[in-house]
Amino acid sequence: MRKVLLGSGFIAALLCASGANAQDISQASDETRYILDTALFVFGGLSAIVFVFALGLRDVGLARVQNAPQVCLRTIGLLGVGAFGFWLVGYNLIHMIEAGGFLGGFSPWRADDTDPMSVGRASGSIWFFEMGLAIIPAAIVSSAVSERVKTWSFLLFAAAMAGLIYPIAASWIWGAGYFGEVWRTYDFGGAAIIHIVGGAGALAGALVVGPRPGRYHEHGTRPAPTTALPLSAFAAGFILAAWTIILAAKIGSFSSLEPAISFGSIVANASIAVAAAVLAALFLTQIVYRRVGLVTTINAVIGGLVSISADPLSPGLWQAAMIGAVGGVIVTVAPPFLDRFRIDDAGFVIPAHLCCGVWGMIIVPWSNPDVWLPGQFIGLGAVGIFAFVLSLLIWVALKYSLGVRLKTETLMPDEDTP
């Protein structure tokens with residue numbers, strides 16, 4: 001009996017010691033928190049760059065063989081001009097805005113780590129993450145005008161998007177500008193700031209650049225030939241993984257228990273939203289077109305992600321499923337509607353980013369009662385109209401100066417063309 005008591009006491013002591021050690025491990029030092037949070041922003045920035053290149057890979061699969069190299073060139077080039085534009089102007093346009101204001105300061109970003117612990121992470125990592133976000137809208141526009149836009153004209157537009165259009169829109173909500181402060185517009189993951197801005201710029205570009213040669217004729221729409229749809233399908237997986245990490249980085253910290261729990265909720269909700277969007281697209285294309293659509297299903301992955309991005313933390317799983325399913329319906333029914341107006345969106349980004357971004361913004365109050373619906377409408381409307389009008393002006397200026405269409409264009413194959 002004595003041996004049993006001694007053994008029980010020994011086990012209890014071990015358990016107490018283990019609990020104490022666990023308690024010690026859970027309390028990270030300030031230096032450890034600084035390193036972890038800096039790493040989070042670095043990985044977030046890398047994921048944003050992966051997201052951009054995944055969009056480019058998807059466009060390579062959707063484009064014709066002769067146009068695939070130009071898609072790659074635009075993707076790499078927009079990273080270069082976008083990073084410089086965001087460094088020289090964009091970052092401080094977001095962060096030098098007065099509370100409730102409309103415009104920040106025009107000045108280059110400079111690293112400032114004189115008091116690192118007061119910030120909590122390296123200033124360079126913050127800039128790198130936000131730079132990655134800034135080039136995503138330009139990549140969205142690149143998808144829409146693929147196969148017929150001049151490289152240099154697009155790169156000039158991409159510099160304006162990353163250095164001017166996106167930062168001003170971001171400052172209004174993320175930078176404590178007018179719509180975030182006065183109208184309480186809520187956009188956690190960039191449904192409006194990234195996707196509506198990119199989609200609005202894509203719509204303006206598609207209108208000014210015009211359709212691909214041979215895309216439309218008097219009897220309707222010619223099917224667009226592709227290089228390799230499997231590339232586009234696998235790119236959707238990279239897009240899903242990259243955007244999930246971006247949403248995690250938007251939490252701002254990964255060095256304590258609460259942000260880790262939030263990250264788990266975001267991952268679960270994003271996964272269910274994408275799954276519901278994919279299933280909705282599969283069933284709807286089967287019902288309407290009597291066959292499942294691969295391109296539509298690929299875009300459903302993006303549509304589900306965009307639909308849940310405005311608030312990926314508050315919904316329950318069943319709400320995330322409903323939100324994502326509507327995104328899947330949007331990417332299925334919107335492209336034929338655009339074709340009726342002869343708006344040639346080569347990457348189907350207007351439905352997936354612009355339309356799903358609008359849906360994602362207005363559905364936030366359903367799961368988050370702290371968000372005000374009129375503020376959502378006012379904020380997304382202001383951001384979308386601003387991005388569309390300024391993008392339209394830049395595209396028109398480029399059209400009548402450098403030109404926007406490629407000189408060498410080939411017709412799409414048709415039964416009437418050799």
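So is S232 in contact with a helix residue (DSSP H, G or I) (Cβ under 6 Å, 6 or more places away or on another chain) and within 30 Å of S29 (Cβ to Cβ) or not? Spell out how you get there, then give the answer.
Numbers: in contact with a helix residue (DSSP H, G or I) (Cβ under 6 Å, 6 or more places away or on another chain): yes; within 30 Å of S29 (Cβ to Cβ): no.
No; evaluated as a whole, the condition is false for this residue.
Could you list, in sequence order, all residues of the range 87-102 that are among the β-branched types (V, I, T) and either more than 17 Å from I194 (Cα to Cα) or outside any helix (DSSP H, G or I) (or both)?
The first filter runs over the range 87-102 and keeps only residues among the β-branched types (V, I, T), leaving 89, 94, 97.
Hits for the range 87-102 are V89, I97.
Let's see how each residue does on (1) surrounded by fewer than 11 Cβ atoms within 10 Å (Cβ to Cβ); (2) under 20 Å from the mean Cα position of the chain (by Cα); (3) at pLDDT 90 or above:
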{"site": "G7", "(1), (2), (3)": "yes, no, no"}
{"site": "A22", "(1), (2), (3)": "yes, no, no"}
{"site": "F41", "(1), (2), (3)": "no, yes, yes"}
{"site": "G56", "(1), (2), (3)": "no, yes, yes"}
{"site": "N67", "(1), (2), (3)": "no, no, no"}
{"site": "F106", "(1), (2), (3)": "no, no, yes"}
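Within the set of pairs 6 or more residues apart or between chains, which connect a residue that is on the phi > 0 side of the Ramachandran plot and in contact (Cβ under 8 Å) with a residue 24 or more places away in the chain inside the range 339-365 to a residue that is buried (at least 24 other Cβ atoms within 10 Å of the Cβ) and in a helix (DSSP H, G or I) with Cβ atoms less than 6 Å apart?
F348/N299
If I ask for residues that are free of Cβ contacts under 8 Å to residues at least 24 places away in the same chain and within 18 Å of G357 (Cα to Cα), which ones from the range 279-332 would you list?
T297
Looking at S271, S314 in this structure, which one is surrounded by fewer than 24 Cβ atoms within 10 Å (Cβ to Cβ) and under 18 Å from the mean Cα position of the chain (by Cα)? So that I can check it myself, show each step before the final result.
Numbers: S314 fails: under 18 Å from the mean Cα position of the chain (by Cα).
Just one listed residue meets the conditions, S271.
Taking the residues in the range 216-260 that are of a type in the set (A, V, I, L, M, F, W, C) and assigned to a loop (DSSP other than H, G, I, E, B) as candidates, determine which candidate is surrounded by the fewest Cβ atoms within 10 Å (Cβ to Cβ).
Filtering the range 216-260 down to residues of a type in the set (A, V, I, L, M, F, W, C) leaves 224, 228-229, 231, 233-236, 238-243, 245-249, 251, 254, 257, 260.
If we keep only those that are assigned to a loop (DSSP other than H, G, I, E, B) as well, we get 224, 228, 251, 254.
On the way: A224: 18, A228: 15, I251: 18, F254: 19.
Restricting to residues being of a type in the set (A, V, I, L, M, F, W, C) and assigned to a loop (DSSP other than H, G, I, E, B), the top hit is A228.
Six or more apart or on different chains, Cβ under 8 Å: which pairs go from a residue in the range 242-270 that's under 13 Å from A320 (Cβ atoms) to one that's of a type in the set (G, A, S) and part of a loop (DSSP other than H, G, I, E, B)? Could you list them?
Matching pairs, first to second residue: L247/G189.
Conditions: (1) modelled with pLDDT of 90 or more; (2) part of a loop (DSSP other than H, G, I, E, B). L78 meets all but one. Number of the miss?
Here L78 meets the rest and fails (2).
Take the residues of the range 355-372 that are in contact with a Phe, Trp or Tyr (Cβ under 9 Å, 6 or more places away or on another chain) and part of a helix (DSSP H, G or I): which is surrounded by the fewest Cβ atoms within 10 Å (Cβ to Cβ)? Steps first, answer last, please.
We begin by selecting, within the range 355-372, every residue in contact with a Phe, Trp or Tyr (Cβ under 9 Å, 6 or more places away or on another chain); these are 361-362, 364-365, 368, 370-372.
Imposing the further condition that a residue be part of a helix (DSSP H, G or I) reduces the set to 361-362, 364-365.
Details: M361: 30, I362: 15, V364: 25, P365: 18.
Here the answer is I362.
Across the range 195-234, which residue is modelled with the lowest pLDDT among those that are over 26 Å from the mean Cα position of the chain (by Cα) and at positive phi?
Here the answer is G220.
Say we look at the range 108-136 and pick out the residues that are in contact (Cβ under 8 Å) with a residue 24 or more places away in the chain and more than 23 Å from D187 (Cβ to Cβ); which of these is nearest to the chain's Cα centre (by Cα)?
Step one: of the range 108-136, the residues in contact (Cβ under 8 Å) with a residue 24 or more places away in the chain are 116-117, 120-122, 125-136.
Of the ones still in play, those that are also more than 23 Å from D187 (Cβ to Cβ) are 116-117, 122.
Numbers: P116: 29, M117: 30, A122: 24 Å.
Ranking the qualifying residues of the range 108-136, first place goes to A122.
So is I287 part of a helix (DSSP H, G or I) and surrounded by 24 or more Cβ atoms within 10 Å (Cβ to Cβ) or not?
Details: part of a helix (DSSP H, G or I): yes; surrounded by 24 or more Cβ atoms within 10 Å (Cβ to Cβ): no.
Taking the combined requirement at face value, the residue does not satisfy it.
The values are calculated or read from the model by the stated rules, or taken from the named source; none is laboratory data. Bear in mind that the values here come from a model prediction, so they are computed numbers and not experimental data. Quick reminder, even Gly has a Cβ in these numbers, built from the backbone with ideal geometry, and neighbours come from all protein chains shown.
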